[in-house]
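Asks: Structure incoming, see below.
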């Protein structure tokens, strides 16, 4: 079940609980609250697994970008090594090799920057969701502790 739906149920249970006159406190069914907390615990590992998968995906993207950049750089070096003649053809080859190397480095930086930004965004959203869930659980526990 969705964590936020569980948190909404927990909040609704507290809000709809019987109020104790003159104290500002409420009486809740501990079994109902504990059942919701158990469901929250059961839901949290999926959120954590999702965050872990996203981090793994980020690493895979970064590794693919590094491998592609290394491949392009090696290809450019090999191309440059084959053209050692100091003629106009050799100068042209060196220029193309350097251009290819720069392009490969530029592409690698762009891919890496995009992957990092994507990973940061996803992990930030997961972190926010987990913080909200933890806060709701804390509030629920505090409410229980007050009882």
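Asks: Can you name every residue in the range 19-28 that is over 16 Å from residue 145 (Cβ atoms) and surrounded by 10 or more Cβ atoms within 10 Å (Cβ to Cβ)? If you could, list the steps in order and put the result at the bottom.
Replies: Filtering the range 19-28 down to residues over 16 Å from residue 145 (Cβ atoms) leaves 19, 21-22.
If the condition is that a residue be over 16 Å from residue 145 (Cβ atoms) and surrounded by 10 or more Cβ atoms within 10 Å (Cβ to Cβ), then 19 is the only one that fits.
Asks: Can residue 104 be described as more than 30 Å from residue 81 (Cβ to Cβ) and either assigned to a helix (DSSP H, G or I) or in contact with a helix residue (DSSP H, G or I) (Cβ under 6 Å, 6 or more places away or on another chain) (or both)? Break it down into steps so the answer makes sense when it comes.
Replies: Values: more than 30 Å from residue 81 (Cβ to Cβ): no; either assigned to a helix (DSSP H, G or I) or in contact with a helix residue (DSSP H, G or I) (Cβ under 6 Å, 6 or more places away or on another chain) (or both): yes.
Spelling it out, it is not the case that residue 104 is more than 30 Å from residue 81 (Cβ to Cβ) and either assigned to a helix (DSSP H, G or I) or in contact with a helix residue (DSSP H, G or I) (Cβ under 6 Å, 6 or more places away or on another chain) (or both).
Asks: Search the range 75-101 for residues being exposed (fewer than 12 other Cβ atoms within 10 Å of the Cβ) and part of a helix (DSSP H, G or I), and hand back the single one that is modelled with the highest pLDDT.
Replies: Here is the first cut: in the range 75-101, the ones exposed (fewer than 12 other Cβ atoms within 10 Å of the Cβ) are 78, 81-82, 84-89, 92, 95, 99.
Those left that are additionally part of a helix (DSSP H, G or I): 78, 81-82, 88-89, 92, 95, 99.
Numbers: 78: 83, 81: 74, 82: 70, 88: 71, 89: 73, 92: 83, 95: 89, 99: 94.
Result: 99.
Asks: Here's something else I'd like to know. Condition (residue is closer than 20 Å to residue 134 by Cβ, in contact (Cβ under 8 Å) with a residue 40 or more places away in the chain, in contact with a helix residue (DSSP H, G or I) (Cβ under 9 Å, 6 or more places away or on another chain) and not in a helix (DSSP H, G or I)) applied to the range 2-24: is it met by at least one residue?
Replies: The answer is yes, given that some residue of the range 2-24 is closer than 20 Å to residue 134 by Cβ, in contact (Cβ under 8 Å) with a residue 40 or more places away in the chain, in contact with a helix residue (DSSP H, G or I) (Cβ under 9 Å, 6 or more places away or on another chain) and not in a helix (DSSP H, G or I).
Asks: So which of 146, 132 ends up being in contact with a strand residue (DSSP E or B) (Cβ under 7 Å, 6 or more places away or on another chain), surrounded by fewer than 14 Cβ atoms within 10 Å (Cβ to Cβ) and in contact (Cβ under 8 Å) with a residue 40 or more places away in the chain?
Replies: 146
Asks: Ok, one more. Give the residue that is farthest from residue 136 (Cα to Cα), with candidates limited to residues of the range 35-52 that are modelled with pLDDT under 85 and loosely packed, with under 15 Cβ neighbours inside 10 Å.
Replies: Among residues in the range 35-52 that are modelled with pLDDT under 85 and loosely packed, with under 15 Cβ neighbours inside 10 Å, the one farthest from residue 136 (Cα to Cα) is 52.
Asks: Condition first: in contact with a helix residue (DSSP H, G or I) (Cβ under 9 Å, 6 or more places away or on another chain) and part of a loop (DSSP other than H, G, I, E, B). Can you find one or more residues in the range 38-53 that meet it?
Replies: No, because not a single residue in the range 38-53 is in contact with a helix residue (DSSP H, G or I) (Cβ under 9 Å, 6 or more places away or on another chain) and part of a loop (DSSP other than H, G, I, E, B).
Asks: Moving on. Somewhere in the range 83-93, is a residue touching a helix residue (DSSP H, G or I) at 6+ places or on another chain (Cβ under 6 Å) and over 30 Å from residue 23 (Cβ atoms)? Explain how you work it out, then say what you get.
Replies: Step one: list which residues in the range 83-93 are touching a helix residue (DSSP H, G or I) at 6+ places or on another chain (Cβ under 6 Å), which gives 83.
Then drop every residue that is not over 30 Å from residue 23 (Cβ atoms), which leaves 83.
Yes, the range 83-93 has at least one match.
Asks: Considering (1) under 25 Å from residue 119 (Cα atoms); (2) in a loop (DSSP other than H, G, I, E, B), say which one residue 67 fails and leave the rest.
Replies: The number of the failed condition is (2).
Asks: Is it fair to say residue 59 is part of a helix (DSSP H, G or I), at pLDDT below 90 and surrounded by 13 or more Cβ atoms within 10 Å (Cβ to Cβ)?
Replies: Working: part of a helix (DSSP H, G or I): yes; at pLDDT below 90: yes; surrounded by 13 or more Cβ atoms within 10 Å (Cβ to Cβ): no.
So residue 59 fails the test.
The values are calculated or read from the model by the stated rules, or taken from the named source; none is laboratory data. Fair warning: this is a prediction, and the values are worked out from it, not measured in the lab. FYI the Cβ positions are ideal-geometry reconstructions off the backbone, even for glycines, and counts take in every protein chain you see.
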